[in-house]
1. Whole percent per 10 Å bin, from 0 to the bin with the longest distance: what is P(r) over all C-alpha pairs of the protein assembly as shown?
2. Within segment B:43-144, which chymotrypsin sites (Phe, Trp or Tyr not before Pro) sit in a loop by DSSP and count at most 11 neighbouring Cβ atoms inside 10 Å?
3. Amide H neighbours of B:E144 under 5 Å, counting only residues 5+ apart in sequence or on other chains, H built in-plane at 1.01 Å?
4. Please compute the average number of Cβ atoms from other chains found within 10 Å of each residue's Cβ in peptide A:211-224.
5. At what distance in angstrom do the alpha carbon centres of segment A:50-109 and segment A:202-244 lie from each other?
6. Give the distance, in whole Å, between the Cα centre of segment A:12-39 and the Cα centre of segment A:299-349.
7. Relative to the compact globular guide of 2.2 N^0.38 Å, what is the alpha carbon radius of gyration of chain B, as a ratio?
8. With θ taken as phi - 60° and the coefficients 6.51, -1.76 and 1.60, list the Karplus ³J(HN,Hα) couplings across segment B:97-113 in order, rounded to whole Hz; mark glycine and proline as x.
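The values are calculated or read from the model by the stated rules, or taken from the named source; none is laboratory data. None of the values given here were measured: they were computed from a predicted structure. When we count neighbours, we look across all protein chains shown, and the Cβ atoms used for this are built from the backbone with ideal geometry, even at glycine. Calculation scope for accessible area: heavy atoms of the full protein, side chains included, ligands and nucleic acids excluded. Shrake-Rupley method; radii C 1.70, N 1.55, O 1.52, S 1.80 Å.
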Amino acid sequence: MQVIVNRAALMEVLNAASGVVASRTTKDILKCVRLTTVDNGMLVSATDLEVALRVHVHQVEVKKPGDILIAADKLGSIVRESTDETLTLEGDTQSCHIRGQDSHFEIYGQDPREFPPVPELEGTPDLEIEVENLKTLIDRTLFAVAKENTRYAINGVLWEKKGKKLALVATDGRRLARSVGSAEQSVGEDNSMIVPAKTVQVIQKVLPNTEGTVGIRFSSNLVIVRAGDYVISSALVEGRFPQYEEVIPKDCDHKIELSTEEFLSAVRRASLLTNEQSKAVRLAFGKEKLVLSSRAPEQGEATVSMRVEYNEEPLEIGFNPVFLTDALRVAGTPTVTMELKEASQPGVFRAGAGFLYVVMPVNLS
Amino acid sequence: MRISDVQHQPRAHRIIWRALASRRMPHAYLFTGPEGVGREMLAVSLAQVLLCASPVKRTGLEGQGPEEEISDACGECQDCRLVEAGTHPDLFLIYRQLGKQHPDPLVRKRLATQLGVDVVRHFLIAQAGHHPSRGRAKVFIVREAERMNDEAQNALLKTLEEPPPDTFIILLAPSLDRMLPTTRSRCQHVPFQALPVEFVHERLRALRPDADPAAMSYAARHSGGSLGQALQVIDDGIYAMKRTWGGRLAELAAAGPAFAAHALAGPFEADARALAKLIAERDPDISDTDATRGGIRILLGVLADFYVDALRKAGGADLPPINADQPEVIAALLRRNNADSISAALRAIQNTESNLARNANIQLTLEGLFIHLGHSA
């Protein structure tokens, strides 16, 4: 094949691909990107067998069609270090020549037929949603995903399509985050799938490169997401996501409105004197007042108080401060509502209509 | 690679073939047998059948297999090509050196002497929780499954017992008793046997066309039916060592107790360490102790075969000698020994290996062995 490609455009694509290309693998072929010419440009594809990415590059002049597979890091560094506006790529299955104005590189290639196929989103997507909306949904849930849990299903983010709404839900068994957003387009029946955390991370990284809407395909074994020229796909997580609606408390007696920023700062300061053993911040609600306190044996104690609208019986409850700050950071609203029942029952945070966060309390005694 | 490409394993073939014919595949297999007899080959070809996009109908192997009709891999579709290239997204090879690819830097730094729980969790258990990317099945092949420590085997139990749908796990181990009973009971056992000497010889000639013919025929006989071990004899120059040690044994036998037998311990250890170096080059993650023991085990096996030949001859067994190229050594051994003292010598060689496994001092143990051999000779 022979193509003349805009260096900046290729650079952006290779940066995105480098997040997918397997950096630590024994298979050299997975350290490669595949370049395939198409009618109106060139496809760049990469996979680490878990997540696959294909990007359509338009700023390309195809001189001779073809298909090559070359080491991603070498190509990436050459493109990054070059100063030319355009580069000429020419090659076959043996090797690829990259020519700039004053430079010539030859990289040895691999057989593209041995490269795992990278799927395309064909036809109409099942759901279309604004880039910004999807980004918010991901930011508000990804942090709560379980890591390497043997309950496979919670190692991913649940994507639920209900009419024109898309909800993302993640839990690690001790907390649960759900974020709901409106879609632009929705075709077919309600559906759900569990997308691996790693795939969601890749989507999160690629979204800022695009604008407009994101198309999503729900299928029984694959998720395919198309954002602009980028198509990301991966196998889904096996199993059934827990019936999470059951863990959302419905009968909380105490509702407290809190300033997000003030509360976040209070929790962070109070958590400064916690340690591995006493990983809890005590929240004591009294008349018009919330006192946050913590204690690290043999180190010291912290007390932070803030004014709140609270006129009921005093209530004390303990939380892992990390679980609180994780959610408060992504809430994105000036105030959050905290709903509590008693010290042994989970607490609920809501930020607007779109974000719900349930967190299990820590035993204080 | 087709299922029928694995030769001389009729029992393993029958079990796999029947399972394929009945379309009720067990989801966990334990392939046991010596190294280098085709366990991994059969595992990969079974995986290829399970992953193939357009399987073809086939009946029996040419005259040696069962007659039921099965679906075999076509060998031409994209999935088959990816399996052969080792890049199929639904075929996972699990081995201890994968620790070097683990996301946790602490795990990467560790010497991968065992197949640890981190590798099993990250590369097997977590991956098993994904749907097959190509939609058909997911196959995990675990090399050296006996090196999974108790923690790793226990972590795997739940997945072995009840893997997600269309997930198959094949464990490769030298023998059943190297696995925890809980692991064994969750797997269908497929025993592999040693390959015929003639077949090993034939494969050696094909794979190492330039090797010395005498070395090849010794390698085939000495390997005990493992192509892998026979190749090691050729590649590591073990034949030359065995010629030297044959000569030394003959000298020892001729001189009797007067010979300063303990002096042989030094050169023996030196040769063993030379072999250990080669082992460590192939497997940088092996511990020094394991490499040294591996080298000693190879050389002890070489010595033992001389006594095995002598015992066979003394007992009048009509078997071709392993050391057919050094009949003078066997004759020398028999001149001063009877069957009893030869079997005592064999036992001493065996004990040496087990004593070293118990961390006995290498030099003293070897000296003890050679003194014993000198006295019985």
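1. Result, from short to long distances: 3, 11, 17, 19, 18, 14, 10, 6, 3, 1, 0 percent.
2. Numbers: sites: B:F92, B:Y95, B:F123, B:F140; in loops: B:Y95.
Loop-located and lightly packed - none at all.
3. Long-range HN contacts for B:E144: B:L172.
4. Numbers: counts 0, 0, 0, 0, 0, 0, 0, 0, 2, 2, 8, 5, 1, 0.
Averaged over the peptide's residues, the number is 1.
5. Each part's Cα centre sits 27 Å from the other's.
6. 45 Å
7. Working: Rg = 23.3 Å, N = 377, 2.2 N^0.38 = 21.0 Å.
So chain B has a normalised radius of gyration of 1.11.
8. Each residue's phi maps through the Karplus curve to give 5, 4, x, 5, 9, 6, x, 7, x, 5, 5, 4, 6, 5, 6, 8, 6 Hz.
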